[in-house]
Amino acid sequence: MKRRWVLDQAVRHAIEETWAVFTNGTTPNPALFLARLTDLARSNAFLWTEAGLSVQEHATRVVPVGQSLSRSLVMATVAADIFVGYTTLGERAKWLPSLVKPRDWELQHQRSANRILETAISLGGALIKACQFASTRPDLLPAVYIRTLAPLQDRMPPRSWSEIEKAITRELGQRPTDVFAEIEREPVAAASIAQVHRARLHDGREVAVKVQYPDIENLVATDLAVLEQIVKAISRLAPSIQLQPIVDYLNETLPLELDFTHEAESMTSLRTALAHRADALVPAVMPDLSTEHLIVMEYIHGIKITDREALEQAGISPHEVAWLLNDLYADQMLHLGILHADPHPGNLLVQPGPRLVLLDHGLTVSLAPSLVDSLRQLVQALTSGDFGGVSGALAEAGLRLDGEVDITTLLNLVGVLLGKDQPGESGEDVDAVDVGMQIGKSIGTIPTDLLLVGRTLGLLDGITKQLDPGMDTLEIVAHYT
């Protein structure tokens, strides 16, 4: 089934990308049109090679011989496809500038984003996490990548029940039917590392069973090693392309997400820290049924936070939910010092009250007191319009800034970290690239804990805009400083 899906996606993209060349909106001169056809032919040749390699990689999952090599070949081919596409356009722009228009860069951006998206879905593993992170970093990638990769923030294709059943049996030493009175074979949620099944214990309690995919640790290790080599090769060939922050982020965060013992402890810590709030809830863990690769927790009902229609039908105000969301996360970051750092819509449920339910705690982390102080300073500086204070607060948070960074770049950087839209004309890929390059010249490495805060705020901003676009979130946050 998965192999058929890979081929279906290849056909779909081949048709879409061909149509995009032939429906330009304007009639290019014959030489330019021929150049675009040449780009399309080269891209399609890579596309079918990648599809064939992906089919082969899926075969190695049935008979796991040469799986590491197969995954490496797929990723290396995709990287070569993208690199050759951009290099070809760059050289043509240098020697034959009349044959490279903004439209050609748009076509290349979209083709490349499509390849990355489908490869991530096909291979899974660390690639999903890389794309999820990259889709929140407009300073690293053009806007078309952000839009194309955004769907990976939500639901992923699930694994088969036979795989999950074996994983549960291995972790608990008993078959699921012996441990649970009932367990649903269809998952209620599926992500890149694990999926969740609804079950009922013999004493009648409803529980959620989060099961880590059996082969995921090996796949992640392989993917990280290959990504490291690809990024190093790209940095040598094209020093202006900075992808190392993505690999650094994955190297620091994926071990946390793979360790379910750590996740269970983090859930308990955050549940305790939020015990004073009747408007927030973290599921209770059942330690006797939880292991390094399996978590059993209480099952909590609720409405997905971005489902406005369901919220309103339940008599819950989207405005109140948006206010609660921002207030709760300000409390975590600026007061409690412990953060649920993966608040995408699939991980947030709403109950009447309203009350917010926080799910999936692989990235729930403790924040250093020094970072909490820096974030308070940043909010105070933004509230008072003190740009010197903004720069100082970011420096205190561990961000190395160029001494000559200008106010516009500083605000762009704050926009990236806080998940806000960039100043100027939004929606233009060229603008996004310029912003990213300018920021890249002005800052050093962004610390991982600050990236987690920035990613969190970016996700919160997206949800808030869906619930109450006019809400002043800074005003909500400010009282915690």
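Where Lys and Arg each count +1 and Asp and Glu each count -1, what net charge lies around Ala199 among other residues with Cβ under 15 Å from its Cβ?
-4
Quick check: net charge around Gln377, other residues with Cβ under 12 Å of its Cβ, Lys/Arg +1 and Asp/Glu -1?
Around Gln377, the charge tally is -2.
How would Glu163, Glu50, Glu182 rank on accessible area, largest to smallest, probe 1.4 Å?
Result, largest first: Glu182, Glu163, Glu50.
Take Ile234, Ile164 and sort them by solvent-accessible surface of the protein heavy atoms, 1.4 Å probe, largest at the top.
The ranking, largest first, comes out as Ile234, Ile164.
I'd like the accessible area for His335, computed on protein heavy atoms only with a 1.4 Å probe and all protein chains in place. Round to 10 Å², please.
Using a 1.4 Å probe on the heavy atoms, I get roughly 110 Å².
Treating the beta-carbon of each Lys and Arg as +1 and of each Asp and Glu as -1, no other charges, what is the dipole magnitude of the chain about its Cα centre, to the nearest 20 debye?
1420 debye
Subtract the Cα-Cα distance of Ala221 and Glu292 from 0.36 nm times their separation in residues, and report this length gain in nm to one decimal.
23.9 nm
Could you give the length gained on full extension between Arg308 and Glu396, defined as 0.36 nm per residue of separation minus the Cα-Cα distance, in nm?
Values: separation 88, 0.36 × 88 = 31.68 nm, distance 3.89 nm.
Extending this stretch completely gives an extra 27.8 nm.
Along the charge dipole of the chain, which of Ile116, Ala381, Tyr480 sits closest to the positive end, that is, farthest toward it, with unit charges on the beta carbon of Lys, Arg, Asp and Glu (+1, +1, -1, -1)?
Ile116
Which whole-Hz ³J(HN,Hα) couplings does the stretch 250-262 yield from phi under the Karplus relation 6.51 cos²θ - 1.76 cosθ + 1.60, θ = phi - 60°, glycine and proline marked x?
Couplings: 5, 4, 8, 9, 4, x, 5, 6, 7, 9, 6, 5, 4 Hz.
Per residue of the stretch 359-371, in order, report the coupling 6.51 cos²θ - 1.76 cosθ + 1.60 (Karplus, θ = phi - 60°) as ³J(HN,Hα) in whole Hz, putting x for Gly and Pro.
Listing the rounded values in order: 10, 6, 10, x, 10, 7, 9, 8, 9, 4, x, 5, 5 Hz.
Take the Cα gyration tensor of the chain, multiply each eigenvalue by 5, square-root it, and list the three semi-axes largest first, rounded to whole angstrom.
On the way: eigenvalues 274, 197, 81 Å².
Each semi-axis is √(5λ); the values are 37, 31, 20 Å.
How charged is the neighbourhood of Gly337? Take every other residue with its Cβ under 14 Å from the Cβ of Gly337, and add Lys/Arg as +1 and Asp/Glu as -1.
Working: positive: Arg376; negative: Asp331, Asp373, Asp449.
Around Gly337, the surrounding residues sum to -2.
Please calculate the 1.4 Å probe accessible area of Met286, with all protein chains present, and give it to the nearest 10 Å².
We get 30 Å² for Met286.
For Arg4 and Arg61, what is the calculated FRET efficiency with R₀ set at 25 Å and r taken between the beta-carbons, to the nearest 0.05?
About 0.95, to the nearest 0.05.
Could you sort Asp203, Asp39 by their accessible area in this structure, using a 1.4 Å probe and putting the largest first?
Asp203, Asp39
As a test question: what accessible area, to the nearest 10 Å², does Thr272 have when a 1.4 Å probe is rolled over all protein chains in place?
100 Å²
Label-point separation (nm) for Ala233 and Arg170, each offset 7 Å from Cα along Cα-to-Cβ?
Simple spin-label model gives 3.1 nm for this pair.
Which value, in debye to the nearest 20, gives the size of the charge dipole of the stretch 272-314 about its Cα centre, when Lys and Arg are +1 and Asp and Glu are -1 at the Cβ?
Charge dipole of the stretch 272-314: 120 debye, to the nearest 20.
List the relative contact order of the chain as a percent without decimals, with contacts defined as Cα pairs under 8 Å and 6+ residues apart.
Worked out over the chain, it gives 13 percent.
Set the Förster distance to 25 Å, then compute FRET efficiency between Glu182 and Thr268 from the Cβ-Cβ distance, nearest 0.05.
According to the calculation, E is roughly 0.45.
Check which residues have an amide H placed less than 5 Å from Val100's amide H, if you skip close sequence neighbours.
Here the answer is none, since no amide H 5 or more places off falls under 5 Å of that of Val100.
Considering only DSSP states other than H, G, I, E and B, which trypsin sites (Lys or Arg not before Pro) in the stretch 170-241 qualify as loop sites with at most 13 other Cβ atoms within 10 Å?
On the way: sites: Arg170, Arg185, Arg198, Arg200, Arg205, Lys210, Lys232, Arg236; in loops: Arg185, Arg205.
Filter output for the stretch 170-241: Arg185, Arg205.
Over what distance in Å are the Cα centres of the stretch 200-219 and the stretch 330-382 separated?
25 Å
Between Ala284 and Tyr480, what is 0.36 nm times their sequence separation minus the Cα-Cα distance? Round to one decimal in nm.
67.8 nm
Name the residues whose placed amide hydrogens come within less than 5 Å of the amide hydrogen of Arg205, ignoring near sequence neighbours (fewer than 5 apart) on the same chain.
Answer set, sorted by chain and number: none.
With an 8 Å Cα cut-off and a minimum separation of 6 or more residues, compute the relative contact order for the stretch 216-360 in percent.
This gives 20 percent for the stretch 216-360.
The values are calculated or read from the model by the stated rules, or taken from the named source; none is laboratory data. The structure presented is a predicted model; accordingly, all values stated were derived computationally and were not measured. Reconstructed Cβ throughout: ideal geometry from the backbone, glycine too, with neighbour counts over all protein chains shown. Remember, those area values only see protein heavy atoms, side chains included, never the ligands or the DNA or RNA. Shrake-Rupley method; radii C 1.70, N 1.55, O 1.52, S 1.80 Å.
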